[in-house]
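Below: the structure, in structure tokens.
The values are calculated or read from the model by the stated rules, or taken from the named source; none is laboratory data. Small disclaimer: the values here were computed from a predicted structure and weren't measured. Cβ placement follows ideal geometry from the backbone for every residue including glycine, while neighbour counts extend to all protein chains displayed.
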Amino acid sequence: MSHSDALDNSRPAGGQTVRLSGSTRDAALHDQLYRYAEDLQQLIERNGALEAHYQTLRESTALLLESREELDELLRSSRDIHLVTDAGGNILQSNPAGAALAPAHLLMGCKLQDRVLPAYLDNFAALQAGAIEGIGPSGPGHEMHLSREAGDASPLIVSAQALAVRKNGELCYLHWILRDVTSLRETEFETQISSMVFKHAGEGVAITDIEGEILAVNPAFSRITGYAAAEVIGRNLSLLSSGRHDAAFYAAFWRALRENGNWQGEIYNRRKNGEIYPEWLTVSAARDGDGGILSYIAVFTDLSRLLQEEKRLSFLAHHDPLTGLPNRLLFQDRLGQTLSQSRRSGVQFTLIFIDLDHFKPINDTFGHAGGDHVLQEVARRLAGTVRECDTVARIGGDEFVILAPGLVGDTDIGSLCGKMIDALRQPIQFDGHEVCIGGSFGCAEYPNHGDDEVLLLKCADAAMYRAKAAGGSTYVIYDAAPGSFHKLKENP
Amino acid sequence: MTKILLVDDHSDIRRLIRITLGKAFEVLEAEDGKTGLEIARNQKPDLVVLDVMMPGELDGLQVLDAIKSDPQLKHTRVIMVTARGQARDYEIGMERGADGYFIKPFSPLQLVAAIKETLAK
């Protein structure tokens, strides 16, 4: 079937050539048909590919339609507010979630920015400009507070995003996605406040489970009890027990908690260093939605400081701030007590009035500082001379009084007064100077010279004046005989 | 409608080409060179598909010469078709003004593509 045979024109003409020519024509047709078949196959293949492509296209179009519907459904059911506005903020469309802001018919045609509270207009402008300039959504979105329909004062807090919708590069809409974060922010705020209170409260706070096992404590807890949080978390609150309360106390405590959900009262607990201290404790139950007790919150105030303060105030009220000696108030109190005890027990006592000699010139020469120094030194010397059971009080500028229970008789009184006179006569150093003073002592005995406070004080006072009149640095015991005084020691 | 003249002594081949061209063209046929030239002069086809080797007074190359020397036909597009191995025919044909050249057996798809391309020039 060679073509060269057919094309060999040099061959002599004849039947053979014609025959050959006929066979050549068939061969050419055959070959051409073969090429047709090849092309046909190619066409069929291409057709198959086209059909497959067509099918894919049809399917993807259907998917596109389906996803378009899904998208619409998503927007309809979205809890986020989706708004479509023009570039100027006029609301054109809203999904049902927009009702949180206002009913749809009231939103349409309104400007979104008219709903934005003034403090958040900058955020709104930034979102709008960002979307229009194609900067796109910046981060997680800006927060805005929006006003709801009139009558609802609380703002709607939204995290907002704005997206530009363009057609052929031209801006046609802004798509706003507003996520309601109102309750989230409110909860956050409450949590923040609670945690701030927990952290910074002056009261110790411990949160326990229903068995009393500690779940959390605040810094004040550690400050008061001495236990760091890590030392107590997981342990029972009973580790603070002082042992001062009996089982019945704790039983009542737990019963009140279980029955009423709270207990309040004064309780003694023990610090880590072993010190027992009073605290004012309030325990409240935290309940779950069904009313079941989830945990207990114990809040306590350390009362030891308060008690100390109370004692200090009481001390201040009853003592002379300059010398620390009992003042007139406390002296009268002690005198009253001693009197009533003596009346019951029959034990006698002596009251000694002391007025300092030559004190005024010291004040005049050295000023109050000098006078104060002398008074403090006198107080020390008197207190250092009397017996432990005696009370030395300062009842006036340079007036002191001594209450000496069980001290009676000229000898004993004279002995004590003599010691005190000697003590006061020793020179007092002040600011490089040496000053000398003395004391005039007036003594009255119970019950010999009087059986009540007024009388005793009057007698002691009168005796003191006698000592003063005698020149000071001496003592006089009151003499019941009119106009006469017992004088045991003269001015030396 | 674009007129295409097929000049080939093999009627089956003509038929195949006609089928290939489909209904997009008005197809004229001639079974020898002389008839083909006459039809060309009368009908003024836009393109002639011309078999080189044909029995009779005029072979394909002679018809090509006649077309290119006729002032009324010289712009007619001509695509030559010849048997395999006749490389000289190709050179001669292109030298004498043919627009394209196909060797039998040709791909019908390529022929149609070449016809459309040539007509678009």
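Restrict the check to the stretch A:43-50 and report whether at least one residue is among the acidic types (Asp, Glu) and away from chain B (no Cβ under 14 Å). Checking the stretch A:43-50: not a single residue is among the acidic types (Asp, Glu) and away from chain B (no Cβ under 14 Å).
Only one entry in A:117, A:83 is over 20 Å from residue A:173 (Cα atoms), modelled with pLDDT of 85 or more and surrounded by 13 or more Cβ atoms within 10 Å (Cβ to Cβ), namely A:117. Listed by first and then second residue, the pairs linking a residue in the stretch A:26-42 that is facing another protein chain (nearest Cβ under 7 Å) to a residue that is among the charged types (D, E, K, R), with Cβ atoms under 6 Å apart and 6 or more places separating them unless they lie on different chains, are A:28/B:104; A:29/B:12. In the set (1) among the β-branched types (Val, Ile, Thr); (2) more than 30 Å from residue A:124 (Cα to Cα); (3) at pLDDT 90 or above, the condition left unmet by residue A:91 is number (2).
Residues that are surrounded by 13 or more Cβ atoms within 10 Å (Cβ to Cβ) and assigned to a strand (DSSP E or B): does the stretch A:327-345 have at least one? No, because not a single residue in the stretch A:327-345 is surrounded by 13 or more Cβ atoms within 10 Å (Cβ to Cβ) and assigned to a strand (DSSP E or B). Entry remark, the stretch A:346-380: residues being out of contact with any Lys or Arg (no Cβ under 8 Å at 6 or more places or on another chain) and not in a helix (DSSP H, G or I) number 12 in total. Between A:162, A:206, the distinction of being in contact with a helix residue (DSSP H, G or I) (Cβ under 8 Å, 6 or more places away or on another chain) and assigned by TED's automatic domain parsing to the domain that holds residue A:90 belongs to A:162 only. A search for C-beta distances below 7 Å between a residue of the stretch A:424-438 that is exposed (fewer than 12 other Cβ atoms within 10 Å of the Cβ) and any residue that is of a type in the set (D, E, K, R) and part of a strand (DSSP E or B), counting only pairs 6+ apart in sequence or on different chains, returns A:427/A:434. For residue A:465, the conditions (1) in contact with an Asp or Glu (Cβ under 9 Å, 6 or more places away or on another chain); (2) assigned to a helix (DSSP H, G or I); (3) surrounded by 21 or more Cβ atoms within 10 Å (Cβ to Cβ) are fulfilled apart from (3). A count restricted to the stretch B:87-121 and to residues that are within 14 Å of another protein chain (Cβ to nearest Cβ) and acidic (Asp, Glu) stands at 1.
For the stretch A:245-324, please list each of the strands (runs of 3 or more DSSP E) lying entirely inside it that holds at least 1 residues being within 17 Å of residue A:202 (Cα to Cα) and touching a residue at least 40 places away in the same chain (Cβ under 8 Å).
On the way: elements: A:262-270, A:276-287, A:293-302.
Strands (runs of 3 or more DSSP E) meeting the threshold: A:276-287, A:293-302.
Among the conditions (1) modelled with pLDDT of 90 or more; (2) within 12 Å of another protein chain (Cβ to nearest Cβ); (3) surrounded by fewer than 18 Cβ atoms within 10 Å (Cβ to Cβ), residue B:51 misses just one, which is (3). Of the listed requirements (1) in a loop (DSSP other than H, G, I, E, B); (2) aliphatic (A, V, I, L, M); (3) loosely packed, with under 13 Cβ neighbours inside 10 Å, residue A:165 misses just one: (1). All of A:156, A:237 fail the test of being in contact with a Phe, Trp or Tyr (Cβ under 9 Å, 6 or more places away or on another chain) and in contact (Cβ under 8 Å) with a residue 12 or more places away in the chain, apart from A:237.
So which residues in the stretch A:167-187 are in contact with a Ser or Thr (Cβ under 6 Å, 6 or more places away or on another chain) and over 22 Å from residue A:93 (Cβ atoms)?
Hit for the stretch A:167-187 is A:181, nothing else.
Residues in the stretch A:227-244 that are surrounded by 15 or more Cβ atoms within 10 Å (Cβ to Cβ) and either assigned to a loop (DSSP other than H, G, I, E, B) or outside the structural domain of residue A:298 (by TED's automatic domain parsing) (or both): 3 in all.
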